[in-house]
Amino acid sequence: MKKSQPSDFGQTILHWEMPEYPHHEKGKTWFFVAGIIVLAIIVYALIIAEYSMAIVFALLAGVYYILHNETPRNITVNITTLGIIVDKDFFQFSDIQHFWIVYQPPKIKVLYLRPVKRMSSDIRIELMEQNPMVIRNLLKTQIKELQGEGENLIDKMTRWLRL
């Protein structure tokens, strides 16, 4: 992964913008239930005299509430002749082991990239209004496609819990 400008890493073939992270709307009920759960954890931590645990959960809840009020910034995705640029990070095709697309509109439209480096996590790219078949046909000339791979567990939980 290298920091880049699109012109430094080949000619742009496809270009779109996506939110930095999925933003799930939450109502008063969601915050009420989450507040009860966090409060129960804090009370439990105090009962068992794990004061640091109580402090950590209180801080996590506060930080989450503050971050929830921020709108995710839009980042740019470019597929070029030499690789993929996500925001300012460049991933050469040779540094990507596999890709797969999870397409279950309207909620799930995601391109996943698995880097060659074992210690790196999968890269998640929202497809937004892009045609997944165009992206698939373009990428499979450069990267091996994983068949039958789905959404990862963290993404499923995040979407289900609306975090």
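Structure notes:
- Cα gyration tensor category, rounded, prolate or oblate, for the chain with a/c compared to 1.5: prolate
- For the cross-link pairs K26/K107; K88/K156; K28/K107; K88/K144; K26/K156, the ones whose C-alpha atoms lie over 19 Å apart are K88/K156; K28/K107; K88/K144.
- Cα gyration tensor shape of region 28-68, rounded if a/c is under 1.5, else prolate or oblate by comparing a/b with b/c: oblate
- Here the spin labels are modelled as points 7 Å beyond Cα on the Cα-Cβ line, and at R162 and Q142 they lie 3.8 nm apart.
- A simple rule links phi to the HN-Hα coupling: the Karplus curve 6.51 cos²θ - 1.76 cosθ + 1.60 with θ = phi - 60°, which for region 111-119 gives 9, 10, 10, 10, x, 5, 5, 5, 7 Hz, with x for Gly and Pro.
- Efficiency of FRET from Cβ geometry, R118 and H15, R₀ 22 Å, rounded to 0.05: 0.15
- Once backbone amide H atoms are built at 1.01 Å from N, H98 has R114 as its partners under 5 Å, excluding neighbours fewer than 5 places away on the same chain.
- Segment T29..Y44, full-extension length gain: 3.1 nm, with 0.36 nm per residue of separation and the alpha-carbon distance subtracted.
- Calculated [θ] (222 nm, deg cm²/dmol) that DSSP helices of n ≥ 4 give over the chain, each run adding -39,500 (n - 2.57): -11000 deg cm²/dmol
- Neighbourhood charge, 14 Å Cβ-Cβ cut-off, centred on I37 and excluding it, Lys, Arg +1 and Asp, Glu -1: +2
Just so you know, all these numbers are worked out from the coordinates, no wet-lab data involved. Quick caveat, the model's predicted, so the values are computed rather than measured. Please note: Cβ atoms are built from the backbone with ideal geometry, for glycine as well, and neighbour counts cover all protein chains shown.
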